[in-house]
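*Asks:* This structure is in C-alpha cells; I'll ask about it shortly.
The values are calculated or read from the model by the stated rules, or taken from the named source; none is laboratory data. From a predicted model like this one, the values you see are computed outputs, not experimental measurements. Don't worry about glycine lacking a Cβ; one is built from the backbone with ideal geometry, like all the others, and counts go over all protein chains shown. The area values use the complete protein model at the heavy-atom level, side chains included, leaving out ligands, DNA and RNA. Shrake-Rupley method; radii C 1.70, N 1.55, O 1.52, S 1.80 Å.
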Amino acid sequence: KLRATVTKMRLVGCPIRSLGTIPDDWKEMTDEFEKRFPNFSEFANVLKGQFSLSTLGDGRVSIPPTLFVGPPGIGKTEAMQWLSNRLDLPFTVIDMSTAQSNASLVGSEAFWSNSQPGELFNLLAESRFINPLVLLDELDKAAGDQRFDPLAPLYTLLEQRAARRFKDLSIRDLA
C-alpha cells in the first residue's frame, strides 16, 4: 500500500511539494473578491492583512482557519472555489453532515483490511502544492459516536505546529 501511494505521488511530477505563493496582483485580487462576494467583506479584509504580511516574508499563501456562518446559498463554497482558482491552489469540499467517523478527514486505521486514506491525504498527495484550501461544509451537522468523533482530527489539524506533520491513519509512514 505504501509503495503504491508513493508511486501515485510521484506521478504528480514533483517529488517535493511546494507552497503556493501570493500573486503579484494580490491587492487587485482581494478587491475583486470583495466586490464579487460582498457577504465576505470581513474575510476579504483578513485576506488583505494576511497577504500583506506574507509579502514581507516568504510570500506563501497562509490563510488562518476561518469559520463562515450563514444560511445556505450565500456563496460560501463559490467564494472559496473562486479564491482557490485565483490563487492556483488545490481545493476540496468535505461534507461533514454525513461523516460518521474521522475517516473522511484522516483516513481509517491501517489495521482494517479495507483501510483507505482520508480526503486530506489524497488532496495533499495528488497536488503540486501543500497549502490547499479545504472547506468543511455543514460542520455544525457533524455527528457520530463519541468514540469516532468526526471533528476530533480538527484539534490537531487546526493547530499550526501540529498540522505541519500531518499523518493519515491509513499510511502512518508518510507525514
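*Asks:* Can you pull out every residue in the stretch 1-31 that is at pLDDT 95 or above and part of a helix (DSSP H, G or I)?
*Replies:* TRP26, LYS27, GLU28, MET29, THR30, ASP31, listed by residue number.
*Asks:* Determine if the stretch 114-129 includes at least one residue that is open to solvent by 80 Å² or more (accessible area, probe 1.4 Å), modelled with pLDDT of 95 or more and on the phi < 0 side of the Ramachandran plot.
*Replies:* Checked the stretch 114-129: no residue is open to solvent by 80 Å² or more (accessible area, probe 1.4 Å), modelled with pLDDT of 95 or more and on the phi < 0 side of the Ramachandran plot.
*Asks:* Just to be sure I understand, how many residues within the stretch 17-31 are among the polar types (S, T, N, Q), surrounded by 17 or more Cβ atoms within 10 Å (Cβ to Cβ) and under 30 Å from ALA175 (Cβ atoms)?
*Replies:* So the answer is 1.
*Asks:* Which residue out of THR92, THR77 is in contact (Cβ under 8 Å) with a residue 60 or more places away in the chain and either among the polar types (S, T, N, Q) or farther than 20 Å from LEU174 by Cβ (or both)?
*Replies:* Matching residue, one of THR92, THR77: THR77.
Yes or no, residue by residue, for (1) of a type in the set (Ser, Thr, Tyr); (2) over 17 Å from PRO65 (Cα atoms); (3) in a helix (DSSP H, G or I); (4) within 12 Å of the chain's Cα centre (by Cα):
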| site | (1), (2), (3), (4) |
| --- | --- |
| SER115 | yes, yes, no, no |
| ASN122 | no, yes, yes, yes |
| LEU135 | no, no, no, yes |
| ALA143 | no, yes, no, no |
| ALA152 | no, no, no, no |
| LEU174 | no, yes, no, no |
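*Asks:* For the stretch 32-75, how many residues meet the condition of being assigned to a loop (DSSP other than H, G, I, E, B) and open to solvent by 60 Å² or more (accessible area, probe 1.4 Å)?
*Replies:* Summing the residues that are assigned to a loop (DSSP other than H, G, I, E, B) and open to solvent by 60 Å² or more (accessible area, probe 1.4 Å) in the stretch 32-75 gives 8.
*Asks:* Anything in the stretch 61-80 that is out of contact with any Phe, Trp or Tyr (no Cβ under 6 Å at 6 or more places or on another chain) and over 21 Å from PHE121 (Cβ atoms)? List them, or say none.
*Replies:* Answer for the stretch 61-80, where residues must be out of contact with any Phe, Trp or Tyr (no Cβ under 6 Å at 6 or more places or on another chain) and over 21 Å from PHE121 (Cβ atoms): PRO64, THR66, LEU67, PHE68, VAL69, GLY70, PRO71, PRO72, GLY73, ILE74, THR77, GLU78.
*Asks:* Out of (1) touching a Phe, Trp or Tyr at 6+ places or on another chain (Cβ under 7 Å); (2) basic (Lys, Arg); (3) under 26 Å from TYR155 (Cβ atoms), the odd one out for ARG36 is which?
*Replies:* (3)
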